[in-house]
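Visitor: Following this message is one structure expressed as structure tokens.
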């Protein structure tokens, strides 16, 4: 299957880095998916607010873990929103909305990819 928002070869590399333990890789992806809504909410809650430290931490975490799973578009969006938010001193609504849209697409594709991994 072809994916638009994730690079499945990166998931394969992650599994290799985990001593070829596919179950550990699937657990990592499941943990990522479980954490998505909380991370998205931490960013959304900070829109147009002055105290954004929690949202900035969520963006850094999201950027790093997304890159590990081959979700480079989401990783880049999180990094860009982090940089813009630090400069503005708040989380802009347009950036939080874009992040949520990309993140939902990534999560959908990761669910499909893990279903394929489980079936293999």
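Visitor: Quick one: helix 8-17 against the long Cα principal axis of the chain, what's the angle to the nearest 10°, folded into 0 to 90?
Guide: Tilt of helix 8-17: around 70 degrees.
Visitor: Any idea how far the Cα center of region 89-120 sits from the one of region 4-26, in Å?
Guide: The distance from the Cα centre of region 89-120 to that of region 4-26 comes to 17 Å.
Visitor: For region 6-89, count all C-alpha to C-alpha pairs, find those more than 22 Å apart, and express that count as a whole percent of the total. Mind dumping the intermediate values first?
Guide: Values: 1065 of 3486 pairs.
Of the Cα pairs, 31 percent sit more than 22 Å apart.
Visitor: I would also like to ask the following. Highest mean first, what order results for 63-69, 87-93 on Cβ atoms within 10 Å? Intermediate values should be presented prior to the final figure.
Guide: Working: 63-69: 19.6, 87-93: 14.0.
Listed from highest to lowest mean packing, they are 63-69, 87-93.
Visitor: Something else: To the nearest 10 degrees, how steeply does helix 53-68 sit against the main Cα axis of the chain, on a 0 to 90 scale?
Guide: The answer is roughly 30 degrees.
Visitor: Tell me, what is the FRET efficiency for residue 17 and residue 53 to the nearest 0.05, using R0 = 41 angstrom and their Cβ-Cβ distance as r?
Guide: 0.85
A short reminder: the numbers here are calculations on the coordinates, not readings from a lab. This one's a predicted model, so the numbers in the text were calculated from it and none came from an experiment. No Cβ is skipped: glycine too gets one built from the backbone with ideal geometry, and neighbour counts run over all protein chains shown.
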